[in-house]
Amino acid sequence: MKKILTLMSVELNGRTLNPCLEEAISVYEKEYLPAVQQLQKVSGEFSLSLEPAPIYIPEK
Amino acid sequence: MMNENRLTISQLATQLKTKQISPVELLDHLLDRVDRYEGTINSFILVMREIAKEQAQKAEAEITSGRYRGPLHGIPISLKDIISYADVPMTNGSRVDPNYIPSTHATVTEKLLNSGAVIMGKAHLHEFAYKAPHPYYEWTKNPWDVDRVPGGSSSGSGAAVQAGFVLASIGTDTGGSIRLPASLCGVVGLKPTYGRVSRHGVTPLSWTLDHVGPLTMTCEDAALVLESIAGYDPKDSTSYSDQSWDFSEFKRLDDLKGKKIGIPESFIFGSVSSEIEASFREALTTLEKAGAEIIPLQIDGLQELQTAQSAILISEAYAFHMNNLEKNPEGYHTQLRQAFEVGQFYTAADYIQSQRYRKQMMVKVKEIFDQVDVIVTPSTPEVAPTITDYEKQTSFTLGKFTFFGNILGLPSLTVPSGFSTEGLPIGLQIFGAPYEEGKVLSIGHVFEQETKIFQTPPNESRWEAAKELT
């Protein structure tokens with residue numbers, strides 16, 4: 001996974017690799033990715049009619 | 001009056017209006033306190049001494065000639081240093097562009113000036129309103145224990161209000177950044193409904209989660225400040241145009257008879273420190289004694305909602321900071337750089353699914369507000385950690401109960417509810433349905449009058465002692 005994320009940063013996002021960025025990759029992999037995968041699982045149950053709100057204003 | 005250090009806007013407004021005190025006297029009194037204690041508390045990036053003096057003199061001349069503008073006229077207030085004040089440097093608490101000088105006021109600044117407020121300075125903050133202060137500016141100290149964090153990111157705002165340097169401070173809140181410092185410093189913090197207060201002229205952290213609101217000593221003062229800063233602004237595309245807010249929505253209720261208060265029990269109990277739990281249970285008893293009915297709630301999906309909040313916040317923050325992270329990385333503190341860099345790994349689908357989940361949960365929570373008037377939680381799961389412990393933490397646990405208000409856009413208030421055995425403040429958080437700031441503040445007011453915690457000051461002799469040590 002670390003290799004994929006590094007490629008994503010450098011090849012797709014056009015970033016220059018540095019120690020801070022490498023640390024961020026490890027943090028994302030260990031701390032954020034498992035939670036995102038849980039959210040992805042939940043989003044598999046969304047109804048097709050559920051729209052995102054790009055500019056979000058709560059209704060009265 | 002001036003010997004008291006628990007000054008409130010509501011009391012002072014009457015005295016200013018009736019000329020019992022003058023805005024210049026009031027400002028001088030507060031500047032004396034700043035001169036005495038700011039070296040310890042470190043709540044300002046910049047004290048705008050000369051500008052504030054000119055504004056206080058102008059307010060005095062206007063009031064003397066019978067042109068009283070309202071309850072904020074002559075009241076000293078600070079602005080978190082990501083809120084623009086024209087021709088005054090704005091650091092964002094960072095070294096990325098510390099010499100930046102905005103050419104225009106933020107809308108919230110403009111509104112405060114129109115109300116006659118005296119802008120006393122730019123408040124200290126976590127760098128770009130996230131994580132921790134940049135080491136260059138050092139930590140703001142918690143007035144209750146100078147070895148502990150004041151909470152953030154509106155750290156200087158919470159500390160300055162509690163220290164009696166200002167009567168109110170304007171903060172911003174993306175995941176709890178008004179309510180956390182308010183709670184840990186023992187003052188009131190209000191994050192209004194999304195769209196209620198303009199963000200024009202405020203540096204974004206995360207556009208769809210950012211809110212602007214007041215930190216004050218009491219709920220009534222928060223209502224007074226909200227009246228000044230709320231309202232539609234065509235310069236902010238997310239500004240809400242259908243309804244304005246005015247002070248009459250705040251009610252000085254005597255009790256809470258007929259009010260239904262929802263408690264998401266499984267979300268709270270078992271995930272807070274024993275002292276927070278004990279204080280929260282005591283707060284519920286106080287609310288019940290005041291006449292409220294406590295209704296247990298089960299809100300499923302909050303863990304995933306927190307993940308969605310995180311995905312949205314960090315993705316948007318990364319998008320804003322991407323160029324500087326590549327071209328000027330040394331301007332950021334390493335810890336913040338790393339936190340923002342994480343944002344590039346969320347996919348577009350992750351971001352959009354998060355926004356869809358947000359909408360689904362808003363519908364669900366809206367139904368809950370058909371059953372209850374407000375939802376109540378502790379403001380934080382623990383009391384203020386020491387600065388040393390906070391700097392070692394890798395995950396952000398303090399915002400466990402506050403994020404909910406940002407992603408759902410709900411008005412959310414923290415009110416002091418007690419003290420730990422070590423004498424550290426504990427807060428109670430009150431969420432309302434969208435645009436029901438009046439109800440949230442009115443219920444907070446009843447609780448505040450029952451407990452009177454805001455009348456207890458920190459021990460200032462410790463600030464003197466800390467100054468001598470440094």
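Kindly evaluate B:Gly116 against the criterion of being over 30 Å from B:Gln57 (Cα atoms), modelled with pLDDT of 95 or more and not charged (D, E, K, R).
It is false that B:Gly116 is over 30 Å from B:Gln57 (Cα atoms), modelled with pLDDT of 95 or more and not charged (D, E, K, R).
Each row is one residue, and each column tells you yes or no for (1) more than 21 Å from B:Pro192 (Cα to Cα); (2) in a loop (DSSP other than H, G, I, E, B).
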residue	(1), (2)
B:Lys53	yes, no
B:Ala61	yes, no
B:Leu79	no, no
B:Asp87	yes, yes
B:Asn92	yes, yes
B:Arg95	yes, yes
B:His105	no, yes
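Restricting attention to region A:10-34, and to residues there that are modelled with pLDDT of 90 or more and closer than 16 Å to B:Gln306 by Cα, which single residue is surrounded by the most Cβ atoms within 10 Å (Cβ to Cβ)?
This residue is A:Tyr28.
Among (1) more than 12 Å from chain A (Cβ to nearest Cβ); (2) among the charged types (D, E, K, R); (3) surrounded by 19 or more Cβ atoms within 10 Å (Cβ to Cβ), where does B:Lys289 come up short?
All conditions pass for B:Lys289, except number (3).
Scan region B:411-470 residue by residue and report those that are open to solvent by 40 Å² or more (accessible area, probe 1.4 Å) and not in a helix (DSSP H, G or I).
Scanning region B:411-470 gives B:Phe419, B:Thr421, B:Glu422, B:Glu436, B:Lys452, B:Thr456, B:Pro457, B:Asn459, B:Thr470.
Being part of a helix (DSSP H, G or I), surrounded by fewer than 14 Cβ atoms within 10 Å (Cβ to Cβ) and within 9 Å of chain A (Cβ to nearest Cβ) narrows it down to one residue among B:Ala308, B:Ala349, B:Ala339; which is it?
B:Ala349
For region B:78-89, check the following and say yes or no: at least one residue is of a type in the set (Phe, Trp, Tyr), surrounded by fewer than 20 Cβ atoms within 10 Å (Cβ to Cβ) and touching a residue at least 24 places away in the same chain (Cβ under 8 Å).
no
Out of (1) buried (at least 23 other Cβ atoms within 10 Å of the Cβ); (2) modelled with pLDDT of 95 or more, what's the single condition that is false for B:Tyr240?
Of everything listed in (1) buried (at least 23 other Cβ atoms within 10 Å of the Cβ); (2) modelled with pLDDT of 95 or more, B:Tyr240 misses just condition (2).
Taking region B:361-387, which residues are in a helix (DSSP H, G or I) and in contact (Cβ under 8 Å) with a residue 40 or more places away in the chain?
B:Met361, B:Met362, B:Lys364, B:Val365, B:Lys366, B:Ile368, B:Ile387
Give region B:220-265 a look and list any residue that's outside any loop (DSSP other than H, G, I, E, B), under 23 Å from B:Lys366 (Cβ atoms) and aliphatic (A, V, I, L, M), or say none.
B:Leu226, B:Ala230, B:Ile261, B:Ile263
Checking B:Gly262 against (1) under 23 Å from B:Val376 (Cβ atoms); (2) open to solvent by 50 Å² or more (accessible area, probe 1.4 Å), which single condition isn't satisfied?
(2)
Just one of the numbered conditions (1) closer than 23 Å to B:Leu302 by Cα; (2) in contact with a helix residue (DSSP H, G or I) (Cβ under 6 Å, 6 or more places away or on another chain) is not true of B:Glu265; which one?
Answer for B:Glu265: the failing condition is (2).
The values are calculated or read from the model by the stated rules, or taken from the named source; none is laboratory data. Just so you know, these numbers come straight off a predicted model, no measurement behind them. Note: ideal-geometry Cβ built from the backbone for every residue, glycine included; neighbour counts use all protein chains shown. Keep in mind that these areas ignore ligands, DNA and RNA; they rest on the heavy atoms of the full protein, side chains included. Shrake-Rupley method; radii C 1.70, N 1.55, O 1.52, S 1.80 Å.
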